[in-house]
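The next block holds one structure in the form of C-alpha cells; read it before the comments.
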Amino acid sequence: MNEQENNNNNWDLVIRSKSSFFDINLVDLWKYRDLILLFVRRDFVANYKQTILGPLWHFITPIFTTVMYVLVFTKIAKIPTDGINPILFYMSGTTLWNYFSSCLSGTSSTFTGNAGIFGKVYFPRLVTPISTIISNLMKFAIQFFLVLAVMVWLFLKKGEPIYFGWNWLLIIPLLIVMAVLGLGLGIIISSLTTKYRDFGVLVGFGTQLLMYATPVVYPLSFIADKSFKWLIVINPLTYLMEAFRFALFHHGTMSIYLFYSIGFTFVAFFIGLMMFNKVEKSFMDTV
C-alpha cells in the first residue's frame, strides 16, 4: 500500500477535472526552456531563410526609415527633436517602436497561428509568445548596435557629444517593461481572436495608428499646447519612449508619469495571463 502511494506521488503530469481561473503554472516554462530556444531559433531563421541579404535587413530597414523621417519631418515639416540630432532621434525611436510592434503583432496571433501545433502535442502555450519576445529582442539588439555605431560616427565626423551616465542604467528596465507590455496586450488580443477574428485584422492597422499617438517621430514637448495632447498623455508608451531617449541622450521628458506606464503594463500583463489561461483550455473548439 505504501509503495502504491509513493508511485502516485511521483507523476510527471497530473490531469485534473477542473482548474482555477488563476491556475497558471509558470514553473512549466522553465522545464520547457529548450523548446523556447528552439522556437527562438526557428523564428529568427525563418524570417530570412530565402533572402539574399538575410539579417542585414535589420540594418537596412531602420536606415531607410530614418532617412525618410529626417526628410519628411525635419526638412519639410520642421518638427523639432528636443536638441537631439535628428538622425539619432528618429533611429532610436524607430528601434524601440519596432521592438514593441513586433512583439505585439507576433504574440497577437499565438492561437490562430499555432493551432496546428497546439492540436497535436502538449507544452505550455506561453512558450510560443515568450519565444516571440526573445527572438524580437535579438533583432532589437542588432538595431540598437546600429544606433550606437551612428552615435560614434557622428562624434568622430561632426563632434556630436556622446552622453554616458547613470541614465544608461534605465535602458534594460525600460526594455523589459516594453516587452511585458507587448506580451500582455498581445496575448489579450490573441485570446480574443479565437472567437472574434476582427481583432486580428485590426492589429496591423491599429499598430500604425498607435505609432502616431506615441512620440516616435516627434518629442512630447512638441504637442505641449495642442488640443489632442490628452490622447498622447494617456498613452502608456509615451513615457517609455521619452524615458528611453532621455536614458540615451540626456534629452527629453522624464516624468513621474513613467510609473503610470509601468502600472498599466503589469495590469495589462496580469489580465492577459488570466485570459490566456482561460482560453487555452478550450480554444481548439473555436479556432
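FYI, it's all coordinate maths here, none of it is from the lab. Quantities reported herein were computed from a predicted structural model and do not represent experimental measurements. Here the Cβ is made from the backbone with ideal geometry for all residues, glycine too, and neighbour counts use every protein chain on show.
Summary table
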item	result
Using alpha-carbon coordinates, inclination of helix 236-249 to the longest axis of the chain, degrees	60
Region 213-275 and region 67-115: distance between their alpha carbon centers, rounded to Å	14
Prolate/oblate/rounded call for region 163-224, Cα gyration tensor, a/c under 1.5 rounded	oblate
Ranked Ile63, Ile187, Ile87, criterion: other C-beta atoms within 10 Å, fewest first	Ile63, Ile87, Ile187
For the chain, built as a Gaussian network whose Cα springs stay under 10 Å, the top-fluctuating residue of Leu148, Leu192, Leu231	Leu231
Choice from Pro86, Pro215, Pro173 with maximal GNM fluctuation in the chain (Cα, 10 Å cutoff)	Pro173
Ascending count of other beta-carbon atoms within 10 Å, so fewest first, for Leu29, Leu209, Leu273	Leu209, Leu29, Leu273
For Ser108, distant residues with modelled amide H under 5 Å away	none
Cleavage-rule hits (trypsin sites (Lys or Arg not before Pro)) in region 97-142: DSSP loop, at most 16 neighbouring Cβ within 10 angstrom	Lys120
For a label point 7 Å along the Cα-to-beta-carbon line of Leu38, residues of region 118-143 with backbone N under 16 Å	118-132
Choice from Val203, Val121, Val267 showing the highest fluctuation, given a GNM over the chain with Cα pairs closer than 10 Å	Val121
Proxy reagent accessibility, fewest Cβ within 10 Å first, across Ser190, Ser131	Ser131, Ser190
0 to 90° range, to nearest 10: angle between helix 86-107 axis and the chain longest Cα axis	20
Folded to 0 to 90 degrees: helix 258-279 orientation relative to the chain principal axis, Cα	30
Listed residue pairs exceeding 28 Å between alpha carbons, taken from Lys78/Lys157; Lys31/Lys195; Lys229/Lys278	Lys31/Lys195; Lys229/Lys278
Read-out Kirkwood radius over Cα pairs in Å, derived from the coordinates shown; its label in (1) 20.9; (2) 21.4; (3) 19.5	(1)
